[in-house]
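Each remark here refers to the structure printed beneath this line.
Each value in this text was obtained by applying a stated rule to the coordinates, not by laboratory testing. Worth saying up front: this structure is predicted, and the values here are computed from it rather than measured. Note that each Cβ is placed from the backbone with ideal geometry, even for glycine, and that neighbours are counted across all protein chains shown.
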Amino acid sequence: MSKNKILVTGAGGQVGMEIRSIASRFADCDFVFLSKDELRIEEKQSLDLAFRKYEPTVCINCAAYTAVDKAEEEKEKSLLINGDAVGFLAKACRSYRAQLIHLSTDYVFDGRSSRPIAENEKPSPINQYGASKLLGEERAIKNNPEAIIIRTSWVYSEYGHNFVKTMLKLMGQRDSINVVNDQIGSPTWAADLAAAIMQITVSCKFIPGIFHFSNSGEISWYDFAIAIKELVGSKCEVNPIPTSKYPTAAKRPAYSLLEKKKIMETYGIEISDWMKSLASCVERILKQKV
């Protein structure tokens, strides 16, 4: 039986690093991890060279432009990396007969929903980052109808820059912080997302389409911060504020909780409670500091 050859793009990011950390569990897979500097997915020639060299059977695209506020200024760059480049990658996967798993975001929605958002609901992004990611979804499906797209939300981990690490840092430096309490969704521990991706990758079925994945639960960023505070026993005061009191360059959806039944039923993926996953991640982060 031949091994799966898995190419992970954007391998220096949070999800890429988490896939790397569990790669040894999958003896039937050969992995190639390429960071955004090692493989620029916006360069067609680089993609062609990489696919010829490594001959992957599966490509997991973790490469993305993720600076939500900066994207408002750098529209062309965000559209290139999150949009056009995904189309290039999808076409390369189709040409070289590799299955594509691409990551997208809850920010493709406008936040006007009042119930968990299903995969078939119409996207309507309210910021440039969301618009660029939606373009990537459209290009992926157009150039490779067999692609799998996984939308996720509020990703954090022990790696890179994210809300959890920022909160831990600020709570260690300040007596009080303000956190918005009127943006609702669910966090995603990148380790859980990586495990779900690999479960799909090694499953006997590869069913294309759009799927939603995050941890279970419905919280605000304020609730998230309070949980972090309690886990580490911080004395920092966390104050709830409305979004109107915390202006940012990019608008954020007020409600972006994702409905996850489809990925659970299709691939038998179990969804962990957000609090349980947060506790596991914080424990890892604290161990790094010892």
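In this structure, the amide hydrogen of SER256, modeled 1.01 Å from its nitrogen in the peptide plane, lies closer than 5 angstrom to those of ILE184, GLY185, counting only residues at least 5 positions away or on a different chain.
For the pair GLU237 and GLU55, label points projected 7 Å from Cα toward Cβ lie 6.5 nm apart. At R0 = 22 Å, how high is the FRET efficiency between ASP69 and SER216 if r is their beta carbon distance? Nearest 0.05 is fine. It comes to 0.20. Can you bin region 38-115 into rounded, prolate or oblate? Criterion: square roots of the alpha carbon gyration tensor eigenvalues sorted a ≥ b ≥ c, rounded for a/c under 1.5, prolate for a/b above b/c, oblate for the rest. Oblate is the answer for region 38-115, as a/c is 1.5 or above yet b/c matches or exceeds a/b.
Pairs over the 21 Å Cα-Cα cut-off, from the set LYS5/LYS262; LYS77/LYS251; LYS3/LYS53: LYS5/LYS262. Dipole orientation for the chain: of the candidates SER78, SER124, LEU47, LEU47 has the Cα lying most toward the positive pole (charges on Cβ; Lys, Arg +1; Asp, Glu -1).
A simple packing score, the average count of other Cβ atoms within 10 Å per residue, orders the peptides 212-219, 29-36 as 212-219, 29-36, with the highest score first. Here is the list for region 188-290: trypsin sites (Lys or Arg not before Pro) lying in DSSP coil, each with at most 10 other C-beta atoms within 10 angstrom of its C-beta, are LYS205, LYS235. Annotation: amide H-H contacts under 5 Å for PHE31 (H modelled 1.01 Å from N, sequence separation of 5 or more, or interchain): ILE6. Helices in the chain, meaning DSSP H runs of at least 4 residues, each add -39500 (n - 2.57). Divided by all residues, the mean residue ellipticity at 222 nm is -11500 deg cm²/dmol. In terms of Cα atoms, the Rg and Dmax of region 14-62 work out to 11.5, 32 Å.
Around the Cα centre of the chain, unit charges on the Cβ atoms of Lys, Arg, Asp and Glu (plus for the first two, minus for the last two) sum to a dipole of about 340 debye. Within the straight-line cut-off of under 15 Å between alpha carbons, the aspartates and glutamates reachable from LYS133 are GLU42, ASP69, GLU72, GLU74, GLU76, ASP84, ASP106, ASP110, GLU119, sequence neighbours fewer than 8 places apart in one chain being disregarded.
Scanning residues 5 or more positions from ILE149 or on other chains, those with amide H under 5 Å from its amide H are HIS102, GLY209, ILE210, PHE211, with H placed 1.01 Å from N in the peptide plane.
Over region 187-290, the hull volume per residue, using the convex hull of the C-alpha atoms, is 142 Å³. Note on region 1-91: Cα Rg divided by 2.2 N^0.38 Å, N the number of residues, gives 1.14. Taken as Cα centroids, region 27-91 and region 143-197 sit 21 Å apart, rounded to the nearest whole angstrom.
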